[in-house]
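Report on the structure given below.
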Amino acid sequence: MATGAEFRQDMPPKGGYRAFNFHRTFPKLVWSPGTVVAAIFGATAYGVYAALEGKKKDITEKFEDVDINNAMEPFLTAERDRYWLKLLAKNRALEEEIMKDVPGWKTGTWYGEPVYFTLGDKWWDPTATEVFVHSRGSNETRDHLWRQHSEYAGPKFYDNWFPQWMSKWFW
Amino acid sequence: MATGNRNPENFTSLSPIVKAPITDTLSVPLSQQGRICGFFESQFYRCMEAYGAKMGRKYCDLEHRDFQECVTGDKQKKRADAIREQRCKLFLDGKIAKPYVDNHPEPGQFKTDHFQWNRIN
């Protein structure tokens with residue numbers, strides 16, 4: 001038996017619930033779907049065109065580079081030989097200077113014994129063992145691994161980020 | 001081998017046991033042809049063919065030593081070690097500032113051309 005405070009049953013509010021929106025809600029259209037499809041198609045078409053033009057440009061540039069190298073091959077070969085002969089001459093001068101006080105030493109030989117007997121006056125290029133004798137080991141390693149070097153030989157954007165002693169460990 | 005056609009070095013060079021044209025063709029990878037020492041190898045074997053196996057041991061000694069020198073680089077290594085040792089000695093005595101020359105072969109300066117006698121390209 002309920003005595004004291006009066007119990008109140010939960011009932012809908014007076015006048016009933018207010019009307020709620022049961023219709024489908026659409027997002028706010030910034031651009032129409034047709035515009036989006038047209039933009040994507042346009043970007044794709046321009047991308048394909050740019051790729052083809054870029055390929056042609058690369059081929060043309062490569063062709064020009066090869067043509068320039070072919071035209072300059074005699075000069076490049078001559079300059080390479082001059083460069084190489086300069087190095088050999090400097091190496092010989094350095095050897096003469098260094099081994100001046102060694103008794104019995106003759107420049108270009110092993111204490112008077114030639115490296116190759118049967119060549120006579122013909123020239124035989126020395127190997128890396130003899131050429132890099134006046135250099136530190138990193139020079140020989142650098143030359144040996146030069147194919148992994150970037151073709152760009154100028155200053156790089158990260159040259160100021162690292163100290164000088166670290167620059168020989170990366171190119 | 002019993003044929004007596006062995007080279008002066010003992011088992012340091014491979015050669016086919018059966019001598020036939022097909023083995024000559026197939027034994028090219030066992031030789032130095034197409035490599036840096038191919039010139040000295042041809043020179044040596046031409047001399048051995050001229051003098052024969054027995055007389056070649058005596059008269060082809062220089063060619064043989066040149067071939068061995070090219071393959072092993074013995075005198076070149078000894079020369080390099082002697083020069084480096086002398087450089088270190090002079091550096092320790094205070095006669096030179098550094099035991100090496102800075103940036104001495106610049107990149108791209110080392111360009112050997114060992115096939116100028118028989119250019120292959």
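Values in this text are rule-based calculations from the coordinates and carry no lab data. No experiment lies behind these values; they were computed from the predicted model shown. A quick note on method: Cβ atoms are made from the backbone with ideal geometry, for glycine too, and the neighbour counts reach across all protein chains shown.
Taking each pair of distinct Cα atoms in region B:32-93 once, what is the resulting Kirkwood hydrodynamic radius in Å? Taking every pair of different Cα atoms in region B:32-93, averaging 1/r and inverting gives 13.4 Å. Along chain A, the exposed loop sites are GluC sites (Glu not before Pro) outside DSSP states H, G, I, E and B with at most 12 other Cβ atoms within 10 Å, and the longest stretch free of them is A:7-150.
Can you work out the FRET efficiency for the pair B:D102 and A:L76, with r the C-beta to C-beta distance and R0 = 30 Å, to the nearest 0.05? Efficiency computed from Cβ-Cβ geometry: 0.65. Please check: in the Gaussian network model of chain A (C-alpha springs, under 10 Å), which one of A:F157, A:F117, A:F26 has the largest mean-square fluctuation. Maximum among the listed residues: A:F26.
Here region B:32-93 is assigned +1 on the Cβ of each Lys and Arg and -1 on the Cβ of each Asp and Glu. Its dipole about the Cα centre then comes out at about 100 debye. Expressed as a fraction of 2.2 N^0.38 Å, the value expected for a compact globular protein of N residues, the C-alpha radius of gyration of the protein assembly as shown is 2.03. Multiplying the residue separation of A:I40 and A:W165 by 0.36 nm and subtracting their alpha-carbon distance yields 39.9 nm.
Taking each residue as 0.36 nm, the span from A:R92 to A:F117 lengthens on full extension beyond its C-alpha to C-alpha distance by 7.1 nm. FRET efficiency for the B:K77 to A:L145 pair, using the beta carbon distance and R₀ = 25 Å, is estimated at 0.70. Just in region A:1-107: which trypsin sites (Lys or Arg not before Pro) are loop by DSSP and have at most 10 other Cβ atoms within 10 Å? The qualifying sites are A:R8, A:K14, A:R18, A:R24, A:K28.
Between A:H134, A:H23, A:H149, the Gaussian network model of chain A with springs among Cα atoms under 10 angstrom shows the greatest mean-square fluctuation at A:H23.
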